[in-house]
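Only one structure is covered here, and it is reproduced in the block below.
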Amino acid sequence: MKYSICIITAFVGLAGCQQPIADGTESVFDENLVNTYRNALPTYPNLIPPTPMETIVVSPGTPQALAPALAEQSLAPVKYTFNLMNETLVELTSFPPTLYNEDTTQLVWGPFEARKDFGTLALFVSKNSDYNADYFDEDEPTGSPLEYIFALMRGANYDLNTLTPIVLGGSTPNADNPEWGLTLLVFDFDTNKSFVEAYGKVSDPGCLASGRFVALRNHGPHLDENGVPTDKTLTSVAGIFRNFVPKNAPGAPPIDLDYLYGDIASSDTTLSYSNFGAQFDFDGNPDTLENVAVKMAFWSYLRRSPAGSGRAEFVATNAEMAEGQFLQATECWDYNLSKSCFTMASIYGEEITPVSTMGTPITSCDDSLENGLDVIGLPSANEADPRIKELLEDIAQNGLLNDTGEEPAN
């Protein structure tokens, strides 16, 4: 089955029905059109993963919880990528648009001289002629689930037809609420690296990041166990890095990273969650490093009491363990991020061996989290639509400009 999205149509060839800006300070374009296109762009606060340590400092002399600090470190690549994209978007859209093509519905900002790097930058936004509102409901979907598409481009000059797309994506606002909807984002570090190597000066072979990052964000009403919308909203972001090497890491091997994060929010509370992986000494034995899968949730907003308390659940393995053996642990912390509970056990078949115990989830965790994270209805990567998983994997491996899906054999 074919799942690739042919998202990017011709973001070039703007000759024709262009409407240039009148001067350098005031846009002559329809204000409603410009606002609609601006709202179709991703925004930094809506994409970054929430972490407990952003606003809370652990009190001196108290045992600091492991998971909040681990999340801060493990989610750093995601924050870095979104911050890089956001800085460029803010830079470009601080100016009025420069061109509009009525035939292709493309609205263009730039090219402008880059403030923090060499060359030029431009932003293209348009309606998507391949938009299919029923994409995710079809067995063999055609077209694209994105109503609007955009591209951040780099150039060595001011020729629109020679620009290189670095960030691609699109969005579909919800018909009932324009603040809800779907957003897809692809940051192509490989293309950016090739552009810099071709037109710029590379001070060190390992100074540029490489690989590709893909994120899919969905924001809308939170459904109860019967699929009925509640008064809460659910935000979920699935993000993956493939063949990723961070900047300034010469000789580092490419790595794959997977994330699932977001929040469940109401007028009185916000429960934020993150799923991520890490590799470190988890069991206290420095001779081995564990691969650790972390599932975490914490109260990032409580109207009537201090926020910050949370719970994390860990599953860890290492190369010395027998097949099927793993470590399972639970940690809870209070609103000061002080560890209130930590239990760890080695599990091998039906054999359960306690490794570490500090408090119990029933007596030491927030009341709402004492029975575990599975019972409170958080999104799970295991329950995600396999077509979406395949779609993200395909884009991360092959990029978004190429249609890599194969037609089914007859």
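The values are calculated or read from the model by the stated rules, or taken from the named source; none is laboratory data. Only a predicted model underlies this, so the values are computations on that prediction, with no experimental measurement involved. We place every Cβ from the backbone using ideal geometry, glycine too, and count neighbours over all the protein chains shown. The accessibility values were calculated without ligands, DNA or RNA, using every heavy atom of the protein model including side chains. Shrake-Rupley method; radii C 1.70, N 1.55, O 1.52, S 1.80 Å.
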*Any idea which of VAL375, THR81, SER129 is furthest toward the positive side of the dipole for the chain, if Lys and Arg beta-carbons carry +1 and Asp and Glu beta-carbons -1?*
THR81
*Could you size up the charge dipole of the chain around its Cα centre, putting +1 on the beta carbon of Lys and Arg and -1 on that of Asp and Glu, and report it in debye to the nearest 20?*
1280 debye
*So how far, in whole Å, is the C-alpha centre of segment 326-371 from the one of segment 65-128?*
41 Å
*Give the accessible surface of the chain per residue, rounded to a whole number of Å², with probe radius 1.4 Å and ligands, DNA and RNA excluded.*
49 Å²
*Taking the Cβ of ALA293 as the center, what net charge do the other residues with Cβ under 11 Å away carry, scoring Lys and Arg +1 and Asp and Glu -1?*
-2
*Taking the Cα centre of segment 106-209 as origin, sum charge times position over the Cβ atoms of Lys and Arg (+1) and Asp and Glu (-1), and report the length of that vector in debye to the nearest 20.*
820 debye
*For every helix of n ≥ 4 consecutive DSSP H residues, a contribution of -39,500 (n - 2.57) applies; sum these over the chain, divide by its total residues, and give [θ] at 222 nm rounded to the nearest 500 deg cm²/dmol.*
-5000 deg cm²/dmol
*Count neighbours as other Cβ atoms within 10 Å of each site's Cβ, and list the GluC sites (Glu not before Pro) in segment 78-115 that are DSSP loop with at most 16 such neighbours.*
GLU102
*Restrict the search to segment 270-351; then list the GluC sites (Glu not before Pro) that DSSP places in a loop and that have at most 12 other Cβ atoms within 10 Å of their Cβ.*
GLU320, GLU323, GLU350
*Which of the trypsin sites (Lys or Arg not before Pro) found in segment 85-129 are loop residues per DSSP with 15 or fewer other Cβ atoms within 10 Å of their Cβ?*
ARG115, LYS116
